[in-house]
Structures are given as C-alpha cells and as structure tokens.
Amino acid sequence: MAYDALYPDFSWSHSRDRALAECARSYYWRYYGSHRGWHPDAPQTAQLAYALKQLTTFPMIVGNVVHACARDCAYAIRHGTPRPSFDVMMAQASEALNRALIGSHHRGMFLRDPKRMPMLRDAWYSGRADSAGLAAAVA
C-alpha cells in the first residue's frame, strides 16, 4: 500500500534551503502546495500548482530528447543491438517539439493531464503558442 499523506514528509537539502531563502511562497507551492495535485479529488489550487510545475520550454524538450536518444544508444550498445539511426533520433526530436507546440493550443487538455499533454511556458503566459523560441533551442 502506498503512503499518501496530505503533505510530503519534511526534507532538507542545499537546493531546498536556497529555494526557501529566495522566496518562501515559491518554496511552499513547489514542494507542499502542489502535493497531490495529480489526484482528481485534490483541491483546485493543488491541481493548478502541480500543472504549472509541468510547464516546459523548447530547450527543456530538446534536452529530454537528447537524453532519451543517448539512453537508447547506450542500451543498444550494452545489449549488442543496432543503435537507433540519426533519422530515427531526429524524428523523435521533431515529434516531441511538434507535440509541445500543438499541445500548447489545448489549455484544458493540459490541465486535465499535465504529465501527458505538454504545454510551453511561453504559451501558458502569453496565451499563444509559436515556434519563436525554437531556433535558440536547437542552435
């Protein structure tokens, strides 16, 4: 049985200490206010805080895709199977970027399932999704 407390247990680290020193309100929402925001019966504020933690940027998407491709290559080498081709890796990157751009037009879907429906941070705050920041991310 999984332990699902109202708030997570207290935890300390240097990065948490810096976050608390920088802004106590931000710290609260990052670690406590968003807790259980993935549950459908969680308070609206927790759901929104959790969703906002899932916002992404083009550089983050590119970094995640590069990491996934490196993981797939390492796995293939360890198991003696062919590595994914450059075309396959580029297709994965293109699909992830397109998915984020398209997903950023669907605010309601993002709020319902923020882990599966990507939303660009710029699109959330500006109200429109465009590929303006893409060039810097892939340069």
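Summary table
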{"read-out": "Complete set of residues in segment 73-88 that are of a type in the set (A, V, I, L, M) and surrounded by fewer than 13 Cβ atoms within 10 Å (Cβ to Cβ)", "value": "A74, I77, V88"}
{"read-out": "So D87, is it out of contact with any Asp or Glu (no Cβ under 7 Å at 6 or more places or on another chain), touching a residue at least 60 places away in the same chain (Cβ under 8 Å), among the acidic types (D, E) and not in a loop (DSSP other than H, G, I, E, B)", "value": "no"}
{"read-out": "Positions within segment 14-42 being touching a helix residue (DSSP H, G or I) at 6+ places or on another chain (Cβ under 9 Å) and not in a helix (DSSP H, G or I), in sequence order", "value": "S34, H35, R36, G37, W38, H39, P40, A42"}
{"read-out": "Flag for S104 being surrounded by 16 or more Cβ atoms within 10 Å (Cβ to Cβ) and among the hydroxyl-bearing types (S, T, Y)", "value": "yes"}
{"read-out": "From the options A70, A91, A51, residue that is over 19 Å from the mean Cα position of the chain (by Cα) and surrounded by 11 or more Cβ atoms within 10 Å (Cβ to Cβ)", "value": "A91"}
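Coordinate-derived values only; no laboratory data. Here the structure is a predicted model, which means the values were calculated and not measured. Cβ sites come from the backbone with ideal geometry, for glycine too, and all protein chains shown count toward neighbours.
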